Amino acid sequence: MTELDDDRLADLIREAHRDTHLAVPLARVTGARPRRRPGPMLLAATAAVAALVAVVVLGMAWVMLGGAALPVEPAVPTESAAPPGKPPRPSSSATTAQGRCADYAAAELAQAGLTELPPLRFEVEPVPGRLRLLMYADDSGSTACWLGAEQHAVQVGISDLTITMRPSHPPGRLSNASSAFGSQPTAAYTFGRAPAGVTRVEVHFPGGVVREAQLDGEWYLLTGAGEESYDFSEITKIVAVTPDGPKELPVQHG
């Protein structure tokens, strides 16, 4: 192949683009420099620049003459991972406390392998006008449903204030489950079953403090609110008074 010097190369470029206005001065394209014999690398670079200029000029001419726009490779969409978040809180359109509890408890019951709430044993207001508690229970366990003005909570088989995390309530025995409401206003309960014929259930606290629980047949419930609720994590024992004498159940806390 015949090698070209700079002058000859410049003449060829001028001839090829005689009618084209170049935005880049020809002197810069040819790399105006002292005359010397170009090497293979310089020839390759100069040819690449010339080819690029030709492509740009031809493209502009095509558009100016009314041609369709040159196809553009579409961007490949990238999948963005959805930000992790908490599952939506259960909602309810029910107008009664029991209806709301049934709706709120559905997901929790399903996780525990249950399909419906056990029978309702108590419905009370530990904080009048602000917080309601519904206690459901059968032989196998209990469910607490807290209903506040803006917050609600469902606890299935939970006794998080004692060592027995998932207590059962078989007939003829003294049982207990104690838990607290995790939001404001603060409140707590202790609940369970007593032997048949029970006439009174006492809840014992440290320092000799004794409080009497509500009774409904064999079921008992005691609630506390505010600072009083903090003592429920220190209950020492439950005493059921029966025709056969008192029955005691020590309460252990983790």
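The values are calculated or read from the model by the stated rules, or taken from the named source; none is laboratory data. Note that the structure is predicted; figures quoted are calculated from it, not measured. With ideal geometry, Cβ positions are generated from the backbone for all residues, glycine too; neighbour counts draw on all protein chains shown. Accessible surface areas use protein heavy atoms only, side chains included; no ligands, DNA or RNA. Shrake-Rupley method; radii C 1.70, N 1.55, O 1.52, S 1.80 Å.
Structural remarks
- Condition check for LEU147: under 28 Å from the mean Cα position of the chain (by Cα) and either on the phi > 0 side of the Ramachandran plot or not in a loop (DSSP other than H, G, I, E, B) (or both): yes
- Conditions (1) part of a loop (DSSP other than H, G, I, E, B); (2) without any contact (Cβ under 8 Å) to a residue 60 or more places away in the chain; number of the one not met by LEU215: (1)
Each row is one residue, and each column tells you yes or no for (1) in a helix (DSSP H, G or I); (2) at pLDDT below 60.
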residue	(1), (2)
LEU58	yes, yes
ALA68	no, yes
GLU73	no, yes
PRO77	no, yes
ALA81	no, yes
ALA105	yes, no
ALA153	no, no
THR164	no, no
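- Output for the stretch 232-254, where each listed residue is open to solvent by 70 Å² or more (accessible area, probe 1.4 Å) and free of Cβ contacts under 8 Å to residues at least 40 places away in the same chain: GLU234, PRO246, PRO250
- Residues in the stretch 166-177 that are surrounded by 18 or more Cβ atoms within 10 Å (Cβ to Cβ) and assigned to a loop (DSSP other than H, G, I, E, B) were compared, and the one that is modelled with the lowest pLDDT is PRO167.
Rundown of residues vs (1) farther than 26 Å from GLY129 by Cβ; (2) open to solvent by less than 60 Å² (accessible area, probe 1.4 Å), yes/no style:
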| residue | (1), (2) |
| --- | --- |
| ALA144 | no, yes |
| VAL154 | no, yes |
| SER159 | yes, yes |
| SER179 | no, yes |
| PHE191 | no, yes |
| THR199 | yes, no |
| GLY208 | yes, no |
| LEU221 | no, yes |
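- When GLU116 is tested against the conditions (1) part of a strand (DSSP E or B); (2) free of Cβ contacts under 8 Å to residues at least 24 places away in the same chain, the lone failure is (1).
- Among the candidates VAL156, VAL198, residue that is under 28 Å from the mean Cα position of the chain (by Cα) and in contact (Cβ under 8 Å) with a residue 12 or more places away in the chain: VAL156
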